[in-house]
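Participant: The structure follows.
The values are calculated or read from the model by the stated rules, or taken from the named source; none is laboratory data. All values derive from a computational prediction rather than experimental measurement. Cβ atoms come from the backbone with ideal geometry, glycine included; neighbour counts cover every protein chain shown.
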Amino acid sequence: MTFIDKKTLMSKRKTVITEEALVSLLQSKDQRGFSILYDNYSSALYGVILKIVRSEEVAADVMQDAFVKIWRNIEAYNRTKGTLFTWILNVARNTAIDRIRSQEFQNSQKNHDIDDHVMFIDSQGGNQVDIDAIGVKKVIENLRPEYQQVIDLLYFQGYTQTEVAEEFGIPLGTVKTRVKAAITQLKQFFIQIGLVFLWGFFDL
């Protein structure tokens with residue numbers, strides 16, 4: 001299985017596909033499914049992983065490990081317990097936590113208090129039920145309609161801010177203002193419900 005350079009992946013336009021169709025491709029071990037999954041979600045997962053391991057090099061390595069686990073264990077995904085995104089988010093997050101708990105990582109981070117770091121991460125909603133109970137798109141439904149629209153295009157359909165402005169026929173400055181307001185509200189909401197680690201999904 002070949003992995004593309006992280007910078008190349010981050011710049012790719014996301015492929016529009018239903019979750020059911022994507023899961024079907026993955027469970028049939030179709031390489032197209034893996035490519036779509038990686039292109040659509042690598043940026044979001046990388047942001048979450050980076051906030052845990054605090055190292056770009058380690059984050060890239062952990063992300064690759066996480067996607068291998070997702071590919072190998074996709075049969076364990078149960079759609080009745082949550083969305084595909086919340087499931088892969090758990091895989092990525094747990095892989096990152098396992099890494100910072102490893103002896104190898106601790107030896108390389110002697111100047112950091114790893115135990116405190118792990119305790120902080122664990123305090124951010126380690127229960128998978130909590131995550132599955134509130135998918136990212138469900139959270140977005142709490143926003144005003146005009147904020148939902150720009151967030152949906154930017155983070156779920158791969159648009160740039162300029163493309164969003166063109167899509168709705170509004171000034172780029174208006175798009176930037178709406179994005180900033182939406183992200184501020186989302187951050188506050190994640191803090192309130194104890195799912196701060198989901199914040200990495202919305203890193204710009």
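Participant: Against the conditions (1) touching a Leu at 6+ places or on another chain (Cβ under 9 Å); (2) closer than 15 Å to Thr95 by Cα; (3) surrounded by fewer than 19 Cβ atoms within 10 Å (Cβ to Cβ), where does Asp39 fall short? Just the number, please.
Facilitator: Going through (1) touching a Leu at 6+ places or on another chain (Cβ under 9 Å); (2) closer than 15 Å to Thr95 by Cα; (3) surrounded by fewer than 19 Cβ atoms within 10 Å (Cβ to Cβ) one by one, Asp39 breaks only (2).
Participant: Out of all the residues in the range 56-75, is one or more within 22 Å of Lys138 (Cα to Cα), surrounded by 15 or more Cβ atoms within 10 Å (Cβ to Cβ), modelled with pLDDT of 90 or more and not polar (S, T, N, Q)?
Facilitator: Scanning the range 56-75, I find no residue that is within 22 Å of Lys138 (Cα to Cα), surrounded by 15 or more Cβ atoms within 10 Å (Cβ to Cβ), modelled with pLDDT of 90 or more and not polar (S, T, N, Q), so the answer is no.
Participant: Name the pairs whose Cβ atoms lie under 7 Å apart, with the first residue in the range 59-85 and not assigned by TED's automatic domain parsing to the domain that holds Val23, the second assigned to a helix (DSSP H, G or I) and surrounded by fewer than 16 Cβ atoms within 10 Å (Cβ to Cβ), and 6 or more positions between them or separate chains?
Facilitator: none
Participant: Within the range 120-137, can one find any residue that is modelled with pLDDT of 80 or more, under 25 Å from Lys81 (Cβ atoms), of a type in the set (A, V, I, L, M, F, W, C) and out of contact with any Cys (no Cβ under 6 Å at 6 or more places or on another chain)?
Facilitator: No, the conditions are met nowhere in the range 120-137.
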